[in-house]
Amino acid sequence: MGKLLYAVGLVAMALGAFLVYSSLRHAAQIDDVVMLLGAPVVMSGITLLLYGTLLVFLGRVLALMTQMAKKTIWLDAGDGELIKCPKCAQQLRVPVGKAGSVNCPKCGNKFETETATPLVRGLKRS
């Protein structure tokens, strides 16, 4: 989603810059530029530039947040189980009941794991 917002923002910025440039390149004097700034085409171009900039910014932030969430999902596991990466022995906190692949944030190794379900985990402690 972040990459899509980023791409749409870039297109909006390019279209806005084209509208502003194509309108203002014919202005010969400063009075013409001031008068053209009120023209609907120029105002639409400026609006597209502003919204495009906002979309690029939001797209980049969303992409970074998604990337961070993928790398640090184990930090939000609460009272999950600690497992070790088979490649680098980094300890990872995996949510209880997780079954499937896990990415090690340190070495990037992807491996399969399965933690105990909450009910079984509770029974193990007693």
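Tabulated data for the structure shown
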| read-out | value |
| --- | --- |
| Total residues in the range 47-71, condition within 14 Å of the chain's Cα centre (by Cα) and either under 13 Å from P105 (Cβ atoms) or modelled with pLDDT of 85 or more (or both) | 14 |
| Residues satisfying the stated conditions in the range 10-60, i.e. of a type in the set (G, A, S) and assigned to a helix (DSSP H, G or I) | A12, A14, G16, A17, S22, S23, S44, G45, G52, G59 |
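The values are calculated or read from the model by the stated rules, or taken from the named source; none is laboratory data. All values reported here derive from a predicted model rather than from experimental measurement. Counting neighbours? That spans all protein chains shown, and the Cβs are built from the backbone with ideal geometry, glycine included.
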